[in-house]
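Below: one structure, written as structure tokens.
The values are calculated or read from the model by the stated rules, or taken from the named source; none is laboratory data. Keep in mind that this is a model prediction, so the values were computed, not measured. Every residue, glycine among them, receives a Cβ derived from its backbone with ideal geometry; neighbour counts consider all protein chains shown.
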Amino acid sequence: MLAILSDLHSNLEALTVVMEQCAKLGVTDYLCLGDVIGYGPDPVAVATIAKTRFTTSLMGNHEEALVTGRHRFNPHAAQAIDWTRRLLTAAGGDLLPWFKERKPFALRGPLLMVHGSIYDPVHDYVDEPENPIEANNMIDTLSRDFAGFDVCFAGHNHTPFMATTMGVMIPHDGHRTFRIPAGHKAYICVGSVGQPRDRDIRTSFATLDGEQLTFHRLNYDVPKTQAKIRAAGLNAFLAERLGEGI
Ligand SMILES: [Fe+2]
């Protein structure tokens, strides 16, 4: 069984719950779509887990900002990435060099993994289609540009959903498992482990077991992470948003 995780954002409490649940489920292979760090209070601990446990770990826009210093972040994201760089540098070892080696995409058989989208794997957002024009654009993307792979796992938008040529599926507590028959085209956005933005504060990730895709949501100790963010002197909004799922 594969676990597909994205946007951990230095949230150790959320990642710990996810890893415990994955161990119970029998996950053997962890794929990470990027943004291991940024925003959150535990970059060293979270990066250490990513480096030691994940088979694949991609370059997200926060990794890119970490290693290049170039970004278009708002001030609180920029402050957090500079703070993160100082902590990772002080931690020594090979954590910072490990981030420099991250690749922007990975292909595994019919599965493509990106942080952003198939058009720009680091920065672009896969938007949930909200009107007929956007739905047609999504169908075009899936039927025309999904070439050489069938399924693309994406992160970055911090919102779990699946887009297929037949429509968009938003997982919810009554329906979390979907079948993806071989050859079917699908964009699968797995949501965010460490900073969900779909007004559901629970940590989000996905597992793939053969043709069976499951979206997972789990509670974690949000107040503990919020307290750490405030204690670190990071922007208060970064703590508040975890309590609202925005
Ligand atoms: Fe992110």
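Remarks
- Filtered residue count, the stretch 78-113, keeping only those that are part of a helix (DSSP H, G or I), surrounded by fewer than 17 Cβ atoms within 10 Å (Cβ to Cβ) and of a type outside the set (A, V, I, L, M, F, W, C): 6
- Count - residues of the stretch 142-165 that are touching a residue at least 24 places away in the same chain (Cβ under 8 Å), over 12 Å from GLY191 (Cα atoms) and either within 21 Å of the chain's Cα centre (by Cα) or within 16 Å of the ligand (Cβ to nearest atom) (or both): 7
- Looking across the stretch 16-35 at every residue that is touching a helix residue (DSSP H, G or I) at 6+ places or on another chain (Cβ under 7 Å) and within 14 Å of the ligand (Cβ to nearest atom), the one that is nearest to ILE246 (Cα to Cα) is identified as ASP35.
- Checked against (1) part of a loop (DSSP other than H, G, I, E, B); (2) of a type outside the set (Asp, Glu); (3) in contact with an Asp or Glu (Cβ under 8 Å, 6 or more places away or on another chain), LEU234 passes all but condition (3).
- Test: GLY93 is at pLDDT below 95 and either within 16 Å of the ligand (Cβ to nearest atom) or over 15 Å from SER192 (Cβ atoms) (or both): yes
- Filter result (more than 16 Å from the ligand (Cβ to nearest atom) and charged (D, E, K, R)) within the stretch 174-199: ARG176, ARG179, LYS185, ARG199
- Every residue from the stretch 160-174 that is farther than 23 Å from ASP7 by Cα and either part of a strand (DSSP E or B) or of a type in the set (Phe, Trp, Tyr) (or both): GLY167
- Restricting attention to the stretch 36-77, the residues that are within 14 Å of the ligand (Cβ to nearest atom), more than 16 Å from PRO97 (Cβ to Cβ) and either part of a helix (DSSP H, G or I) or in contact (Cβ under 8 Å) with a residue 24 or more places away in the chain (or both) total 11.
- Test: LEU208 is more than 16 Å from the ligand (Cβ to nearest atom), among the hydrophobic types (A, V, I, L, M, F, W, C), within 16 Å of the chain's Cα centre (by Cα) and at negative phi: yes
- Out of LEU8, LEU25, sole residue that is under 14 Å from the mean Cα position of the chain (by Cα) and in contact (Cβ under 8 Å) with a residue 60 or more places away in the chain: LEU8
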